[in-house]
Amino acid sequence: MRYSKLLAGCFTLTCWSDPALAWRLDLNFNNGVRLVLRGMLRVGEYMKFKTVAFTIGLLVSQPAFTVTDLPKQTLYVESFEGGAPAGGGKDFFWSEGTWKHILGGVGYQLTKAVRVGYPGGQPDVNAEERFGFTSPMNEVWISYRFRVPTNFYHVAPKPGWQTNTKLFALWMDDYSSRGEGPTILWEYWDNKAGGSNLAVHFSSGDYRVCAEHREFTPFINVDLSDRAKDDRGKWMQVLLHVKAASKEKRGLGDKADGIIEMSRKWDGEKDYKMLQQILNADIAPPPSLTKSQGWTAGYFFGWSNPGFSEPMDFYLDDIDIQGVKITNLTVQSNQTGSVSTSPFKPPVIIKSAIQNP
């Protein structure tokens, strides 16, 4: 039999026995398609090795992007089923020991996932997973799933205490006020009812901290009386889209053309709903060409000012990162460079009303 096209990729085969021999085969192709095969071998108590009942389940996991919408550059795809994360090869790397926190049976569809755990009973705590790109990126799409803890409750330690906890960070040459280039931070804040509102803010660079928080929108709802309205224990899929502003528009404030978008869908929903959108973000690369001219690093989750009243475990799964690398960067007399543009469409996103609490 001949095949007109060979799909390149990698696979992970996982087997365990409890009490039957169960197995799972993860196929991750370079075009973004993920295929998961599951099966179980049950051996009769008295007919061992003679009579074997064989069942197989087939599951095609929905990728973060449809195949036709996939960017041409897949930077990293990881479901953690192989235990230690693959590391991302030539485009992506974990900055710290992410593999130490991988647990089985807690991920999306009860697979493996990374536990990001906060201690309880104190403010000012940190839990994060840092990563980096080996090449600066002009534009990135970052999709991942995480489960809202079943005991989630957004607390305010005392009056006047900042209630923001970081969800995701992305930067160019260095973080926040340490960078000549920009930084973007997503954070969720107390909504006064145990849940959270999401906000985003960014620094344009020049070694300044991020400016005021913007695009406040409901993010996690806690409802102790109505389980249907309670988001605790649910899986959400986040999709972040960031594009650097043009260098010639650096420092022009709201006349810049950088893009910051955040979309989300809950488990069971078909399409993403856009929660935040900024199309004029002043997030151009730094003027010095000795500094990184694109997005190079970030982290999942992060510092919590209020902390949590009890230990809080988030589970991170199904990371899918696509991007456009900076190409043909040239040193010119006016110190500007040319970058590649995006020739593809984003996945289906429904624009929802952006609300302020």
| said: Residue pairs, Cβ under 8 Å, 6 or more apart or interchain, first in the stretch 170-190 and over 16 Å from PHE131 (Cα atoms), second acidic (Asp, Glu) and modelled with pLDDT of 95 or more. List them. | reply: PRO182/ASP282
| said: Looking only at the stretch 277-300, how many residues end up being surrounded by 17 or more Cβ atoms within 10 Å (Cβ to Cβ), more than 20 Å from the chain's Cα centre (by Cα), small (Gly, Ala, Ser) and in a loop (DSSP other than H, G, I, E, B)? | reply: 2
| message | Among the residues in the stretch 128-149, are any outside any strand (DSSP E or B), within 24 Å of LEU198 (Cβ to Cβ), at pLDDT 95 or above and out of contact with any Leu (no Cβ under 7 Å at 6 or more places or on another chain)? | response | yes
| query | Taking the stretch 301-327 on its own, how many of its residues are open to solvent by 20 Å² or more (accessible area, probe 1.4 Å) and more than 26 Å from THR134 (Cα to Cα)? | reply | 5
| message | Just to be sure I understand the filter: pairs with C-beta atoms under 9 Å, separated by 6 or more residues or on different chains, first member in the stretch 68-89 and closer than 16 Å to ASP318 by Cα and modelled with pLDDT under 55, second member open to solvent by 50 Å² or more (accessible area, probe 1.4 Å) and of a type in the set (Lys, Arg). Which pairs pass? | response | none
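Please specify each residue of the stretch 149-180 satisfying the condition of being among the acidic types (Asp, Glu) and in contact with a strand residue (DSSP E or B) (Cβ under 9 Å, 6 or more places away or on another chain).
We begin by selecting, within the stretch 149-180, every residue among the acidic types (Asp, Glu); these are 173-174, 180.
The answer is ASP173, ASP174.
The values are calculated or read from the model by the stated rules, or taken from the named source; none is laboratory data. Remember, it's a predicted structure, so these values are computed and weren't measured experimentally. Positions of Cβ are backbone-derived with ideal geometry, glycine not excepted, and every protein chain shown enters the neighbour counts. Quick note on the areas: whole protein, heavy atoms, side chains included, nothing else; ligands and nucleic acids left out. Shrake-Rupley method; radii C 1.70, N 1.55, O 1.52, S 1.80 Å.
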